[in-house]
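Reading through the C-alpha cells given below for one structure.
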Amino acid sequence: MDIRQQKILAALENKDTSVYFKDALDNEMVLNMGPQHPATHGVLRLLIKLDGETVAACVPELGYLHRGYEKLAENCSYHEFIPHTDRLDYLSPLMNNTAYVLAVEKLLGIEAPKRAQYIRTIISEMARVSSHLLGIGALAMDVGALTVFTWTFREREKMYDIFELLTGARFTTSFTRVGGLAHDMTPDVISAVKAFFDQFPEKFNECITMLNTNRIFVERLDGVGRISKEKAIAMGMSGPNLRAVGVDCDLRKTQPYLIYNEIDFDIPVFNDGDCLSRYYVRLNEVKESVKIIRQCLEKMPAGPVHANEPKKVLPRKEQVYTKMEELIHDFMLINFGVNPPVGEVYHAVEASKGELGFYIQSRGEGHPWRLKIRSPSFMNLQSTSMLVEGGMISDIVAVLGSLDPVMGEADK
Amino acid sequence: MEISPVIEALIKIIVVIFFILLPCVAYLGVQLERKLSAWIQNRVGPNRVGPYGLLQPLADIPKLFFKEDIVPAAANKFVHSLGPLISLTIAFSTFAVMPFGDTLPIVVNGVVHNISLQIANVNIGVLYVLALSSLAVYGITLSGWSSNNKYSLLGGIRSSAQMISYELSLGLSIIGIVMLSNTLQLNDIVKAQSGYYLFGFLPNWNIFVQPIGFITFFVAMFAETNRLPFDLPEAEPELVAGYHTEYTGMKFGMFMLSEFLAMFAAAGMITTLYLGGWQAPYIEYLNLSPFVVSLVQVGAFFTKFALIVVFFMIVRWSMPRFRYDQLMNIGWKVMIPLSLLNIALTGLFILKPIHTWFN
C-alpha cells in the first residue's frame, strides 16, 4: 500500500460517515379519503395515516351533508316536518316517516287505527328490505364484486315501483300522517306487494349465493373490523351492527311498537363482531322482514286508516271541500298546527340502520320547541377509527360497507 | 419475385396492428366487455350508436381524442406523459412473436411462397415475452409516481409488488413447457403440441400434459394483466382509479388500450403455450388443401383466443377483489410451490415417461 492510498484510507477513517434520521421508521403518509370518493357512501371524509398499506390512524370527519334539520324542525309545524324525514336515511324514507309520526302521536296521546298500523309495519319492513339490499350490494361492490350491486338494485327498483304505486313518489315518499296515513293501501298495491314477495326470495338467494359461496368475498370480510361486545355497547352501536357482536337487542322485540308483538319473527344474532357477521345479520334480517310482511298481509284488518281525532288528524280533502266542520279543522290544523300538550317525549324504532329515535320537546305550540334526532348511522360511525386501525386500506372500504352508514342521516 | 424480409415484416406489422389488434380492442375488447357486463348485470349495454350499438367503439375513440388533456400542476410532466407510452408500446410489442398460424402457402406465378404467420420467429420467444411483461410494470409504476397523487402512488407500488411476485410463478410454470418441447421458440412450442395424448384422441396440448402448470400460469396471467380479482393497482373503491387517476383524454385511452392489449397478449400466450396455439385437432382426417388448412388453423387460434378473453371478462364481472396481503400469500405460498412442484413432476415424467411406468 503506497503512501497515497494510506492517506486516503486515513482520511476516510477519520471522516464521520454516519447518517442520522430522526426516526428511521417514520415513513407514514396521510391520505385524505373523501368527501369525494367512490367508497365513502356519500360525503364521509376519512383522514388516514398510512404506514405502507397498513392504517395507523383514522379520523372520520362528518358534516358535509349537514342541512340543519333539527333546527329546521323548530320552524315547521308537525306535519310540515314529515317530508324532511324522507331526507334523513334516504334509503328507507318510509321507515323514517313512520318513526317520526309515532313520536308525534306519542306526544299527542293518540293512536292510529289497526289497519294503519299494519300498513305502517308493512312499509317499514319493505323499507328495511330495500335498505339492506342496498347495504349488501354496496358492501359487495366495495370489495370488488360489481355485479351483485346491480342484481340487488334490480329488486330495489321493483320495490320502488310499488312505492310509486302506493305513495305517488319513488324516493321521497312522505306517506305517513299524524294519526294515520296519507291514504289507504289499495287492493292493487296489496297484490303488487304479494307478487313482489312471491318472486323475491328466489332472486335474493341468487344474489347471496353469488357472495356466500365466493371464497374471496368471505375471506375479505372474515375477521376484518372486529369489535368486542363491551366496546360496541360503549360506542353506542345499534341495529344490525350491534346484533353482529352477539347482543340480542332489537327494539321490535324489547319495546314493541306498532303491531310487532302480534307477529312471529326471529332476531338474527351473530357473535363474531366482524364485517362478515354484520353482513350475515343483514342478510338474515331481510328474510325475517319477508316473513313479517307476509304475516301482516294475511292478518291485515279492514277499516279506516285515520284516527277519529278531528282536532289532531288532518281531515280528508274531499270532506274539506264539502263539509263545514272539516273545513274549519283543516284551516286550524294547517294554520296553527296540532298543538300537542306541553311536555317531552322520546320514541325510537328499530330502523334499518339501528335505533332511530325522535326526541320532541313541546311547549304547546304548533311546532316543536326542540326536536332531536338520534340517528343510528351517526352513532355507528363513531367506532370507524377503532374498527379500521391496524387493518389495510382495502379493509377500510369493507368496514364502511359493512357498517352501512347513510350520510344524510349521520349529518342530519 | 422475392420480397425482402424487412418489407415482409413491415407488412405483417401493419396487418397485425390495424387488421387484428385494433379491431380486436374495439370489438372483442370494448364492445364485448360492455355487452357482456351488461348481460351479466341485467342491463342492456350500448345500443344507441349504429345497429345494435355496433358503432359504439367508433364513437368512443374520437371522444377520448377530443377530451382536454390535463396534467396535474405538480406532476412530473415528462414522466407523466411517458407512462402511457411505455404501457402501450410494450403491450403492442408482445404480439411480435405471437404465432397466429403456421405458414400460409400463397402461389404467385406458379411459385409457392410459404408466408410465416408470425411477425418475427425469434428463437427466444418465451424469454422475449417474459421480458416485455416485466417491463410493462414501468409504465404503471412511473405514471403512478409522476402523477403526484397519493392514490396513484399506492396503485403504482401495488402494481410493482404484484408483478414481481407473480412474475416468478409465471416464469416457473413456463419452464415445464420448455423442458417438454426443448425450445424457447413459440412456433416450435406450438408444433410440439401436435399429435395426440392418452387414448389417442385427446390432443397433445400442454393443458392436458401440464395441468398444474396451466393453472399457475393462468392465475399468474390474471395478476400480470391487472384484471379482477387481481386488479389491486386500480382498485376502484379503494384507490379511486389507482395509477391512472390523474389521466384524461387519450392518455387514459392509451392505458385502456394497453390494458386490453395486455389481456389479449395473455390470452394469446395461454393459447400458444397451453391450448395448442394454432393446432386444430383432427384436421388431418379431412384431406383439405394446405391453404385451407392454414386458414382453419388461424381460425382455431382466434377461437381459442376469444374463448379465453370471454373467460377473463366473465371472471372480472363476477369476482370480488383480493386484499393486498391475501394476494401476496397466494403468490408466494401457493403459486410458487405449485409451479416448483410442476417442474419436479415434469422432470420425473421426462426421465420415466408414463407408458413405461407399468412395464
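The values are calculated or read from the model by the stated rules, or taken from the named source; none is laboratory data. Not measured: the values here are computed from a predicted model. Neighbour counts are summed over all protein chains in view; Cβ atoms, including those assigned to glycine, are modelled from backbone coordinates with ideal geometry. To get the accessible areas, we keep the full protein, side chains included, count just its heavy atoms, and leave off ligands, DNA and RNA. Shrake-Rupley method; radii C 1.70, N 1.55, O 1.52, S 1.80 Å.
Going residue by residue through the stretch B:308-317, is there one that turns out to be within 14 Å of chain A (Cβ to nearest Cβ), under 27 Å from B:Arg34 (Cα atoms) and in contact with a Lys or Arg (Cβ under 6 Å, 6 or more places away or on another chain)? Give the steps one after another, and end with the answer.
Within the stretch B:308-317, the first condition is being within 14 Å of chain A (Cβ to nearest Cβ), and the residues that meet it are B:313-317.
Filter once more, keeping what is under 27 Å from B:Arg34 (Cα atoms): B:313-317.
This time we only want the ones that are in contact with a Lys or Arg (Cβ under 6 Å, 6 or more places away or on another chain), so: B:316.
Looking for residues that are within 14 Å of chain A (Cβ to nearest Cβ), under 27 Å from B:Arg34 (Cα atoms) and in contact with a Lys or Arg (Cβ under 6 Å, 6 or more places away or on another chain), one finds at least one in the stretch B:308-317, hence yes.
Among the residues making up the stretch A:233-289, those that are assigned to a loop (DSSP other than H, G, I, E, B), acidic (Asp, Glu) and open to solvent by 10 Å² or more (accessible area, probe 1.4 Å) are A:Asp248, A:Asp264, A:Asp266, A:Asp272. For the stretch A:381-398, the criterion of being within 22 Å of A:Leu94 (Cα to Cα), open to solvent by less than 10 Å² (accessible area, probe 1.4 Å) and either over 25 Å from the mean Cα position of the chain (by Cα) or at pLDDT below 90 (or both) is met by no residue. Residues of the stretch A:33-68 that are open to solvent by 50 Å² or more (accessible area, probe 1.4 Å) and either closer than 30 Å to A:Asn335 by Cα or hydroxyl-bearing (Ser, Thr, Tyr) (or both): A:Thr54, A:Tyr64, A:His66, A:Arg67.
Mind checking whether some residue in the stretch B:238-251 is modelled with pLDDT under 85, open to solvent by 20 Å² or more (accessible area, probe 1.4 Å), closer than 18 Å to A:Phe217 by Cα and within 14 Å of another protein chain (Cβ to nearest Cβ)? Checked against the condition, which is being modelled with pLDDT under 85, open to solvent by 20 Å² or more (accessible area, probe 1.4 Å), closer than 18 Å to A:Phe217 by Cα and within 14 Å of another protein chain (Cβ to nearest Cβ), the stretch B:238-251 yields no hits at all. Please indicate, with yes or no, whether at least one residue in the stretch B:92-110 is within 14 Å of another protein chain (Cβ to nearest Cβ), in contact with a Ser or Thr (Cβ under 6 Å, 6 or more places away or on another chain) and open to solvent by less than 50 Å² (accessible area, probe 1.4 Å). Scanning the stretch B:92-110, I find no residue that is within 14 Å of another protein chain (Cβ to nearest Cβ), in contact with a Ser or Thr (Cβ under 6 Å, 6 or more places away or on another chain) and open to solvent by less than 50 Å² (accessible area, probe 1.4 Å), so the answer is no. Taking the stretch B:57-88 as the search range and keeping residues that are open to solvent by less than 80 Å² (accessible area, probe 1.4 Å), at pLDDT 85 or above and not hydrophobic (A, V, I, L, M, F, W, C), which one is farthest from B:Thr248 (Cα to Cα)? The qualifying residue farthest from B:Thr248 (Cα to Cα) is B:Ser87. Identify the residue in the stretch B:252-280 that is open to solvent by 20 Å² or more (accessible area, probe 1.4 Å) and in contact with a Ser or Thr (Cβ under 9 Å, 6 or more places away or on another chain) and, among all such residues, is modelled with the lowest pLDDT. Looking at residues that are open to solvent by 20 Å² or more (accessible area, probe 1.4 Å) and in contact with a Ser or Thr (Cβ under 9 Å, 6 or more places away or on another chain), I get B:Gln279.
Looking across the stretch A:69-91, the residues that are open to solvent by 10 Å² or more (accessible area, probe 1.4 Å), over 14 Å from A:Val101 (Cα atoms) and within 22 Å of the chain's Cα centre (by Cα) come down to A:Tyr69, A:Glu70, A:Lys71, A:Leu72, A:Arg87, A:Tyr90, A:Leu91. Note on the stretch B:284-351: enclosed helices (runs of 4 or more DSSP H) holding 3 or more residues that are open to solvent by 80 Å² or more (accessible area, probe 1.4 Å) and of a type outside the set (Phe, Trp, Tyr) are B:290-316, B:336-351. Among the residues making up the stretch A:219-273, a single one is touching a residue at least 40 places away in the same chain (Cβ under 8 Å), of a type in the set (S, T, N, Q) and farther than 14 Å from A:Glu350 by Cα: A:Ser228.
Figure legend. Inter-residue proximity from the stretch B:153-171: first residues aromatic (Phe, Trp, Tyr), second residues open to solvent by less than 30 Å² (accessible area, probe 1.4 Å) and part of a helix (DSSP H, G or I), beta-carbon distance below 8 Å, spacing 6+ or different chains. Indicated pairs: B:Tyr166/B:Ala220; B:Tyr166/B:Ala223; B:Tyr166/B:Glu224; B:Tyr166/B:Gly331; B:Tyr166/B:Met335.
Considering only residues that are facing chain B (nearest Cβ under 9 Å) and either under 25 Å from the mean Cα position of the chain (by Cα) or in contact (Cβ under 8 Å) with a residue 40 or more places away in the chain (or both), which ones fall in the stretch A:41-54?
In the first step, residues of the stretch A:41-54 are kept if they are facing chain B (nearest Cβ under 9 Å); the result is A:50, A:52-53.
Those that are facing chain B (nearest Cβ under 9 Å) and either under 25 Å from the mean Cα position of the chain (by Cα) or in contact (Cβ under 8 Å) with a residue 40 or more places away in the chain (or both): A:Leu50, A:Glu53.
Restricting A:Gly144, A:Gly135 to residues that are within 14 Å of chain B (Cβ to nearest Cβ) and farther than 30 Å from A:Asp330 by Cα narrows the list to A:Gly144.
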